[in-house]
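Asks: Input: one structure, supplied below.
The values are calculated or read from the model by the stated rules, or taken from the named source; none is laboratory data. This is a predicted model, so every value here is computed, not measured. Positions of Cβ are generated from backbone atoms using ideal geometry, with glycine treated the same way; all protein chains shown enter the neighbour counts. Heavy atoms of the whole protein, side chains included, go into the accessibility calculation; ligands, DNA and RNA do not. Shrake-Rupley method; radii C 1.70, N 1.55, O 1.52, S 1.80 Å.
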Amino acid sequence: MFVLRATAKLRQRIGPSAPYEGENSTTLLGDWYATMLLWRPQVALLVNERTLLPALMPLAPAATMTARVADQVGDVLAAHGVPGSLIHAEIDQMSEYRIAPTANRSIVGVMNEFAFLADTWRDAARPNLLELAVRLAATPCSPLYQRHVSPDRELTALVQQISS
């Protein structure tokens, strides 16, 4: 089970879910934070709390967004070269989810920076969301300065730690 910590506007759009009762994510990567980008078509921006790894996905249809998060996360992990066994384990754990309000202002700040950069870097009306997410993952983030500096490096270090 994973916890999707969504902004208030996004929680209104995606509708009700199973009540959040202080549960913790059982996935390797932990909680994911999400907001919506008011592009045409609208896009959901997700940021992992543990690694700050970003993922972008179409928001529509909003009612099914949370059910589609696991597949999008799997695609992003594959794009970063994460072994298939770890991806499958993560996706299996993400089959159940809870929606909760955001709880970490630092992650919300990183999410806002990614939203700004994504808006600046996107090209055309239909940007390639996976390529844009991979590009965002190379961005230095201040919460990671004492460790691996960018989300892609943080993810690589986490995968190496688990694999050894």
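Asks: Got at least one residue in the stretch 98-106 being surrounded by 18 or more Cβ atoms within 10 Å (Cβ to Cβ) and touching a helix residue (DSSP H, G or I) at 6+ places or on another chain (Cβ under 7 Å)?
Replies: Checked the stretch 98-106: at least one residue is surrounded by 18 or more Cβ atoms within 10 Å (Cβ to Cβ) and touching a helix residue (DSSP H, G or I) at 6+ places or on another chain (Cβ under 7 Å).
Asks: Are any residues in the stretch 57-90 at pLDDT below 95, in contact with a Gly (Cβ under 9 Å, 6 or more places away or on another chain) and open to solvent by 60 Å² or more (accessible area, probe 1.4 Å), and if so, which ones?
Replies: Passing the criteria: only Ala63.
Asks: Only one residue in Ala118, Ala62, Ala133, Ala89 is in contact (Cβ under 8 Å) with a residue 24 or more places away in the chain and in contact with a Lys or Arg (Cβ under 7 Å, 6 or more places away or on another chain). Which one?
Replies: Ala62
Asks: Is one or more of the residues making up the stretch 123-131 surrounded by 15 or more Cβ atoms within 10 Å (Cβ to Cβ) and either at pLDDT 95 or above or of a type in the set (A, V, I, L, M, F, W, C) (or both)?
Replies: Yes, that holds for at least one residue.
Asks: Let me ask something else. Out of Ser106, Ser95, report the one residue that is polar (S, T, N, Q) and assigned to a helix (DSSP H, G or I).
Replies: Ser106
Asks: Still on this structure, I have one more. Within the stretch 19-56, can you find the residues that are open to solvent by 40 Å² or more (accessible area, probe 1.4 Å) and either more than 20 Å from Asp92 (Cα to Cα) or at pLDDT below 90 (or both)?
Replies: Passing the criteria: Pro19, Tyr20, Glu21, Gly22, Glu23, Asn24, Thr26, Leu38, Arg40, Pro41, Gln42.
Asks: Let me ask something else about it. Can you name the residue in the stretch 136-149 that is part of a loop (DSSP other than H, G, I, E, B) and in contact (Cβ under 8 Å) with a residue 24 or more places away in the chain and, of all such residues, is nearest to Gly81 (Cα to Cα)?
Replies: Keep residues of the stretch 136-149 that are part of a loop (DSSP other than H, G, I, E, B), which gives 138-141, 145-149.
Now restrict to residues that are in contact (Cβ under 8 Å) with a residue 24 or more places away in the chain: 139, 141.
Details: Thr139: 18, Cys141: 21 Å.
Among those residues, the one meeting the criterion is Thr139.
Asks: Among the residues of the stretch 1-18, which ones are crowded, with 20+ Cβ neighbours inside 10 Å and within 21 Å of Val82 (Cβ to Cβ)?
Replies: If the condition is that a residue be crowded, with 20+ Cβ neighbours inside 10 Å and within 21 Å of Val82 (Cβ to Cβ), then Phe2, Val3, Leu4 are the ones that fit.
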